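Each remark here refers to the structure printed beneath this line.
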Amino acid sequence: TPGEISTEKLWDIIKRCELTAEEERRVQERCAAKGLIYLSTPFSREAADRLNAMGVPAFKIGSGECNNLPLLDHIAKFGKPMILSTGMNDLASIKKSVAVLEGRVPYALLHCTSMYPTPYEKVRLGGISDLMQAFPGVPIGLSDHSMNIWTCLGAVALNASLLEKHFTISRSWPGPDTGISIEPDELRDLIEGSRAVWM
């Protein structure tokens with residue numbers, strides 16, 4: 001049902017929502033026409049190769065692939081910046097992933113709680129400080145699946161450099177993530193609010 005959190009299996013969602021190479025190129029072109037940077041999250045070497053052939057400027061790695069060291073190594077060979085989401089991984093696991101990237105590509109880390117939606121009491125914004133202590137000098141951000149924009153603003157107050165949030169034109173649209181996504185007015189508030197908090 002539109003606007004509700006999906007209970008559909010991840011594989012079924014991926015198969016239903018995946019884009020063809022041509023569809024993905026059209027999305028990339030639309031982003032370029034709007035002055036946006038097109039990024040996508042690869043879950044396989046094949047997907048990473050396809051994105052690299054498209055000329056993406058960087059790679060976002062989802063939390064589920066954070067400890068997929070062979071995939072991280074494969075993507076690092078492209079020499080492009082990587083944004084690594086860390087949900088479901090402890091510091092020891094994250095350090096192994098960082099060791100694959102260190103000295104090879106610029107990278108950033110995103111604190112993340114892999115719950116959809118994430119209750120406020122499970123966001124653990126202190127994880128941002130933990131990552132900053134463990135990885136000094138590395139840009140740290142928040143991949144946020146909570147409702148609204150409040151936790152993102154809190155992350156900015158803790159010196160987060162990047163914010164990731166699901167976005168939709170309308171939560172009434174069908175889709176597995178629309179229920180946890182922010183709409184245009186909220187995105188505007190997030191941009192303006194995060195700039196104000198940063199200043």
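I want to confirm something. Restricting to the stretch 98-151 and keeping residues that are open to solvent by 30 Å² or more (accessible area, probe 1.4 Å), in contact (Cβ under 8 Å) with a residue 12 or more places away in the chain and among the charged types (D, E, K, R), which single residue is farthest from Leu187 (Cα to Cα)? Across the stretch 98-151, the extreme among qualifying residues is Arg104.
Evaluation of Ile37 against the conditions (1) loosely packed, with under 11 Cβ neighbours inside 10 Å; (2) over 22 Å from Glu164 (Cα atoms); (3) β-branched (Val, Ile, Thr) shows that the sole unmet condition is (2). Annotation: of all residues in the stretch 169-199 being out of contact with any Pro (no Cβ under 9 Å at 6 or more places or on another chain) and hydroxyl-bearing (Ser, Thr, Tyr), the one that is least open to solvent (accessible area, probe 1.4 Å) is Ser181. Out of everything in the stretch 51-64 that is touching a residue at least 24 places away in the same chain (Cβ under 8 Å) and buried (at least 16 other Cβ atoms within 10 Å of the Cβ), what residue ends up being farthest from Val123 (Cα to Cα)? Taking the candidates together, the pick is Asn52.
Tallying residues that are over 17 Å from Ala134 (Cα atoms) and open to solvent by 60 Å² or more (accessible area, probe 1.4 Å) within the stretch 74-97 yields 1.
Of all residues assigned to the stretch 20-32, none qualifies as being at pLDDT 95 or above, in contact with a Ser or Thr (Cβ under 6 Å, 6 or more places away or on another chain), crowded, with 16+ Cβ neighbours inside 10 Å and not aliphatic (A, V, I, L, M). Within the stretch 12-42, the set of residues being assigned to a helix (DSSP H, G or I), over 21 Å from Met82 (Cα atoms) and either of a type in the set (Ser, Thr, Tyr) or in contact (Cβ under 8 Å) with a residue 12 or more places away in the chain (or both) comprises Ile13, Ile14, Cys17, Ala21.
The values are calculated or read from the model by the stated rules, or taken from the named source; none is laboratory data. Since this is a predicted model, take the numbers as computed values, not measurements. Note that we place each Cβ from the backbone using ideal geometry, even for glycine, and neighbour counts take in every protein chain shown. Just the protein is used for accessible areas: all its heavy atoms, side chains included, with ligands, DNA and RNA removed. Shrake-Rupley method; radii C 1.70, N 1.55, O 1.52, S 1.80 Å.
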